[in-house]
1. Say we look at the stretch 178-206 and pick out the residues that are surrounded by 20 or more Cβ atoms within 10 Å (Cβ to Cβ) and away from the ligand (no atom under 13 Å from the Cβ); which of these is nearest to Gly226 (Cα to Cα)?
2. If we keep just the residues of the stretch 87-109 that are under 20 Å from the mean Cα position of the chain (by Cα) and more than 11 Å from the ligand (Cβ to nearest atom), which is farthest from Ser138 (Cα to Cα)?
3. Would you be able to say whether some residue in the stretch 127-134 is within 16 Å of the chain's Cα centre (by Cα), crowded, with 20+ Cβ neighbours inside 10 Å and more than 30 Å from Lys260 (Cα to Cα)?
4. Within the stretch 149-261, considering only helices (runs of 4 or more DSSP H) that don't extend past its boundaries, which have at least 2 residues that are among the hydrophobic types (A, V, I, L, M, F, W, C)?
5. Checking Asp38 against (1) within 16 Å of the ligand (Cβ to nearest atom); (2) surrounded by fewer than 20 Cβ atoms within 10 Å (Cβ to Cβ); (3) among the charged types (D, E, K, R), which test does it fail?
6. Could you tell me which residue of the stretch 41-62 is nearest to Asn6 (Cα to Cα), considering only residues that are buried (at least 18 other Cβ atoms within 10 Å of the Cβ) and not small (Gly, Ala, Ser)?
Amino acid sequence: MAGRFNNKVVVITGGGSGLGRAAALQLAAEGAHLSLVDIKMEGLEATKQQITDSGAAGEILLLTADVSDEAAVQRYVSETMERFGRVDGFFNNAGIEGKQALTEDYDSSIFDKVIAINLKGVFYGLKHVLPVMKQQKSGYIVNTSSVGGIRAVMNQIAYGASKHAVAGMTKDAAIEYAEHGISVNAIAPGAILTDMVIGSFKQINPNDWESAAKEFVKENPAKRLGKPEEIGHLVAYLLSGDSPFLNGTIIPIDGAQSAKY
Ligand SMILES: NC(=O)c1ccc[n+]([C@@H]2O[C@H](COP(=O)([O-])OP(=O)(O)OC[C@H]3O[C@@H](n4cnc5c(N)ncnc54)[C@H](O)[C@@H]3O)[C@@H](O)[C@H]2O)c1
């Protein structure tokens with residue numbers, strides 16, 4: 001099957017669930033070879049099974065790594081290089097929400113954990129993938145920020161800090177590497193129905209997360225949650241190289257939520 005990603009290699013962190021899995025399915029359908037990274041093997045294996053069931057023919061490498069550990073990040077990059085010899089696209093996506101609380105009640109150890117994964121994990125990914133792409137003189141990176149990276153979100157001081165930082169790092173890396181044929185953009189999703197968002201609604205209403213979700217979407221102009229596959233399509237477009245001059249941008253994908261406030 002001809003596809004935009006035939007013979008291209010894409011690394012995805014957080015590939016064992018949610019947005020990472022949706023992007024993996026989309027890219028595999030378009031011919032990509034994938035290096036899927038996650039802290040847990042179980043989710044990675046489920047993603048691989050779904051890709052195999054879909055009939056996609058690209059190779060799939062599964063790697064466990066904690067993105068907040070720089071040595072583990074170096075390892076997932078070097079193991080990808082050993083297997084495939086290049087990295088054309090990188091979806092630098094793994095992240096966690098943390099616990100919701102007012103700033104004065106926010107547990108400092110959870111703050112540190114959110115920053116370690118969402119901010120430092122994205123930094124380490126950039127630090128170790130960019131030299132590979134620089135050597136190739138081409139590459140496309142998508143970092144996962146959030147609506148919480150461009151707007152305020154209640155009770156999520158660490159998440160907001162980390163996702164604003166992802167937006168900042170995206171712009172910095174973009175201006176440093178544009179002359180090397182590399183584009184670095186970020187997506188800023190609103191609430192997309194994944195395990196992380198279900199967990200978030202459970203924090204709001206532990207007994208009935210679906211009511212919390214219904215309440216939440218009333219405020220969204222589209223009156224619904226986003227679907228992971230909608231993110232998969234945007235990520236595939238950004239990694240495809242169809243618009244290489246699109247660089248250093250933070251793209252909301254949120255049913256117009258961020259335009260409203
Ligand atoms: N779902 C949404 O509404 C939404 C909105 C905005 C931003 N995001 C962001 O999208 C990204 C993906 O979230 P999701 O909704 O798919 O969540 P998810 O929980 O479904 O998937 C996240 C994946 O990341 C993995 N992961 C967590 N910590 C890790 C670590 N230290 N090292 C390696 N892997 C790790 C998890 O095991 C999981 O498979 C996150 O950065 C999240 O902040 C999600």
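Values quoted throughout were computed directly from the atomic coordinates according to the rules given, and no laboratory measurement underlies them. Quick caveat, the model's predicted, so the values are computed rather than measured. Don't worry about glycine lacking a Cβ; one is built from the backbone with ideal geometry, like all the others, and counts go over all protein chains shown.
1. The extreme case among them is Asn185.
2. Here is the first cut: in the stretch 87-109, the residues under 20 Å from the mean Cα position of the chain (by Cα) are 87-99.
Now narrow it down to the ones that are more than 11 Å from the ligand (Cβ to nearest atom): 87-90, 99.
On the way: Val87: 9, Asp88: 7, Gly89: 9, Phe90: 12, Lys99: 38 Å.
Among them, the one singled out is Lys99.
3. yes
4. Values: elements: 157-177, 195-204, 209-217, 228-240, 257-260.
Filter on the stretch 149-261 gives 157-177, 195-204, 209-217, 228-240.
5. Going through the list (1) within 16 Å of the ligand (Cβ to nearest atom); (2) surrounded by fewer than 20 Cβ atoms within 10 Å (Cβ to Cβ); (3) among the charged types (D, E, K, R), Asp38 breaks only (2).
6. Filtering the stretch 41-62 down to residues buried (at least 18 other Cβ atoms within 10 Å of the Cβ) leaves 43-44, 47-48, 51, 56, 58, 60-61.
Restricting the remaining residues to those that are not small (Gly, Ala, Ser) gives 44, 47-48, 51, 60-61.
Working: Leu44: 22, Thr47: 19, Lys48: 18, Ile51: 15, Ile60: 13, Leu61: 16 Å.
Only one residue tops the list, namely Ile60.
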